[in-house]
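Below is one structure; the comments refer to it alone.
What follows draws every value from the coordinates through simple rules; no lab data is involved. Note that the structure is a prediction, hence the values are computed from the model and not measured. For neighbour counting, all protein chains shown are included, and Cβ atoms are generated from backbone atoms with ideal geometry for every residue, glycine included.
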Amino acid sequence: MASSVTGIEDAMQTTVTECSKTVRNIDSVYVKDIKALVKDNKISREVICNVSFRVE
């Protein structure tokens with residue numbers, strides 16, 4: 001799960017950035033769920049993703 005105040009694409013990029021620290025050959029990201037949280041009248045987006053990668 002990753003979150004962003006700027007948008008869903010940024011949250012997905014955060015997911016890929018974090019996963020790529022330990023996983024190589026990432027091919028795709030499947031967004032399973034999107035949630036918008038409101039705090040102090042500001043929206044934060046959260047995404048729950050599956051990350052696909054190739055095993056060599």
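Values for this structure:
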| item | result |
| --- | --- |
| Residue within region 33-52 that is surrounded by 11 or more Cβ atoms within 10 Å (Cβ to Cβ) and among the basic types (Lys, Arg) present | yes |
| Matching option when the condition is touching a helix residue (DSSP H, G or I) at 6+ places or on another chain (Cβ under 9 Å), on the phi < 0 side of the Ramachandran plot and of a type outside the set (D, E, K, R), among 51, 16 | 51 |
| Number of positions in region 20-54 that are aliphatic (A, V, I, L, M) and not in a strand (DSSP E or B) | 1 |
| Answer residue from region 7-29, given it is surrounded by 10 or more Cβ atoms within 10 Å (Cβ to Cβ) and β-branched (Val, Ile, Thr) and is farthest from residue 55 (Cα to Cα) among those | 8 |
